[in-house]
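Below is one structure; the comments refer to it alone.
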Amino acid sequence: MASSPVDFLLRRPPPRRRRPPLAGAFFAPAGLAGEPLLRALASLAASLLAAPRPPSQRRNLDALMRRLALLSALLDSALEDDDGEAAFSDATNLCLRELYVVLFRADLLVSYIASAGRAWALLRAANLAASFRDLDAELAVVLDVLPAVSLRLSRDAAEHLDFLRACCRRRVPNQYYDTAEAALRDGLLAALRQFELGQPPDASKLQSLLARIGISDAATCRAEIDFLEEQILSQEEDTDLLLVGGVVALLRYSLFSLFDPGNKKALLRVWPSAGNRQRLLSWSCSDDSSFSVPKEFSCPISLDLMRDPVVVSTGQTYDRPSIIQWIEEGHSTCPNSGQALADNRLVPNRALRSLISQWCGVHGFQYDSPESNEGMIECVAASCSSKTAIEANKATARILVRMLAEGSDSAKPVAAREIRLLAKAGKPNRAFIAELGAIPLLCRLLLSSDWMAQENAVTALLNLSIYEPNKTRIMEQEGCLQLVVSVLQNGWTTEAKENAAATLFSLSVVHEYKKMIMNEPGAVEELASMLTRGTPRGKKDAVMALFNLSTHPESSGRMLESSAVVALIESLRNDTVSEEAAGALALLMKQPSIVHLVGSSETVITSLVGLMRRGTPKGKENAVSALYEICRRGGSALAQRVARIPGLNTVIQNITLTGTKRAKKKASLIVKMCQRSQMPSAMALGSTLTVVDHSLVGNTTLRRAASFGSGELSSPMSISVPVP
């Protein structure tokens, strides 16, 4: 599932994902030499000295600043002594360029520490100390080869240079080890060990420890959690995911046990009201704001920032929902160029998506990549799998469930949101949240007049339902199914309705619950309505739920009377959901009235043939199955209609060569049924499928494939060649 926009509203946007300090190659500004290069160096050193010092790595930062102060004085002296007439030697310019690279790396290191979370800096203390050590070594090498004579330094400046060289070369035991930071890190690890033993740390001691780290209120605690989660997702090679996940769980426990995150008024002072939410979610270029979205990042159709940029056949890029809507409205041309679209394929523009993500990071916006959600969930779940994280999350869940039961009206939406997030992070969380009694309390919030409460509650139920035993808990909870359907019908937000549909999809996986869902008044009707008029994501949730329900042997009548069959037929023209729609129709065509409803439209048959041509292997199989049911159950008249479809011969041949085993078998049966219909066009179809390439006549397998009338085609070696 794509993450809901409520995450954007309720959660402070995480900081930009940053590369580790000193990673990568760097180059000095091209074309600089002599005095201009010297001035660039002096300016860079001065800006480093003037920048605020972050609280982490203070000992190493202080030592670096002392070296930079000496270097800055040396550069200023060189500039004062330079008369601007004599040019530097090539060796001197080379050394100065290397010095520029070292200073630039120092700037990156300081910026990284300043932007990093305090807890992250403690966990990475050894790595950061190593970066300072490497920086000193690089600076020492450059200064050792720097030709002082060429710089025409004064005697005092030359002594400055000698002293600076000595400082950089000096090595003493534990030179880069900060005892104060080590003590804070040890305290953090001790708190984690207490959770591992099943005993939460003492509240006053934990609060004192966090205050010394720099986490003193709900806002700073939330910012630390966000930053650590971002590092989990970045998956640096040497990151200890279990350790970082344990610290995230500890901080989330602290957020609710020590601070006051349930103050909704404070949240709404930072985040927009429901009335302004759509405007902020779209990041419209026309919006009055202190920044504007670059034109290259805006969809030419909606003029909004693209979340899922895709390339159409003309080479133009659009946001996926916008171009899908454009095509669904019947347009067959490219909106930008006016050229005809060769096909409806949409290719993800990953390069542009990466640039948009970086731009959002710079401006502090959350940007969710549609393709990364599954990997992100797996990564977060892995980080929460340690005993420490499980115990800390369990303690947090107890607090959250108590907030749902006894908290104020402003605290309950926040509690529901946190339960929603916890339920995303692994099976153990879903299990103990339900065992603590969260499901009945979340069901009550489905009736809330607060859109935040309702949306977070239904999404929390969706995440909990992924765990199989929780499906039973939800279905057996009195009135819960009815409430989920009521959100699907009348939810306050689009996201709430979509997640209600997704909840029905999740619950319908269990065979015993399919009939219960179909018998719930309004359930199938609303799914059909969402499939027809919903957003691309909503349509996907709806068609998957309808597909699951269609597997029940008694579903045909209910699907027909609820207009779900009509919605599925219309969806065959929508590439986003056509494959699932074809599969559902194939299952439903056990009833003659549905067969004739589906097969009576030549457009439907053409859509199925088109899906056989361009779909995924599973999509092609679904389309073949639907066409097979039309021919098998629709009688000679419908088989004749299928046989008359232009291009069917070529498509059938491709399926028999490249399709799945089941698709090959049903494709051969379609040919046989078309032959039996005794129509001239069908006979022509049969004749084209009975000719063998004589250059391959020695192959007995191919000879057996020469006539589909003599047996089913199932061998992957079979081939048929049209009449030249």
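The values are calculated or read from the model by the stated rules, or taken from the named source; none is laboratory data. What you are looking at is a predicted structure, and each value in this text was computed from that prediction instead of being measured. Backbone-built Cβ (ideal geometry, glycine too); neighbour counts: all protein chains shown. The area values use the complete protein model at the heavy-atom level, side chains included, leaving out ligands, DNA and RNA. Shrake-Rupley method; radii C 1.70, N 1.55, O 1.52, S 1.80 Å.
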Rounded to two decimals, the Debye log10 I(q)/I(0) of region 477-594 (Cα scatterers, no solvent) at q = 0.23, 0.24 Å⁻¹ is -1.34, -1.45
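If the only charges are +1 at each Lys and Arg Cβ and -1 at each Asp and Glu Cβ, what is the size of the charge dipole of region 482-605 around the Cα centre, to the nearest 20 debye? It would help to have the intermediate numbers written out before the result.
Numbers: 10 positive and 14 negative charges, 5 e Å.
For this selection, approximately 20 debye.
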Give the Cα extents of region 65-138 along the principal axes, in whole Å, largest first. 52, 21, 17
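Stretched out fully, how many nm does the piece from residue 632 to residue 137 gain, at 0.36 nm a residue minus the Cα gap? Could the numbers behind the result be given before it?
Working: separation 495, 0.36 × 495 = 178.20 nm, distance 7.88 nm.
Length gained, residue 632 through residue 137: 170.3 nm.
Filter the cross-link list 618/664; 514/666; 620/665; 471/515 down to pairs whose alpha-carbon distance in this structure exceeds 21 Å.
Values: 618/664 12 Å; 514/666 27 Å; 620/665 13 Å; 471/515 15 Å.
Pairs exceeding the cut-off: 514/666.
Got a number for carbon plus sulfur as a percent of region 100-214's accessible area, 1.4 Å probe?
Carbon plus sulfur share of accessible area: 56 percent.
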If I model a spin label at residue 166 and residue 197 as a point 7 Å from the Cα along the Cα→Cβ vector, what separation in nanometres do I get? 5.1 nm
Taking amide H positions as placed in the peptide plane 1.01 Å from N, state which residues far from residue 333 in sequence (5 or more) or on other chains have amide H under 5 Å from it. 341
To make sure I understand the rule: partners must be lysines, Cα under 22 Å from the Cα of residue 412, and not fewer than 8 residues away in the same chain. Which ones qualify? 264, 265, 394, 424, 497
Based on the alpha carbons, how large is the Rg to Rh ratio for region 541-601 when Rh follows Kirkwood? 0.92
Distance-filtered residues of region 182-211 - backbone nitrogen under 19 Å, label point 7 angstrom along residue 63 Cα→Cβ: 182-185
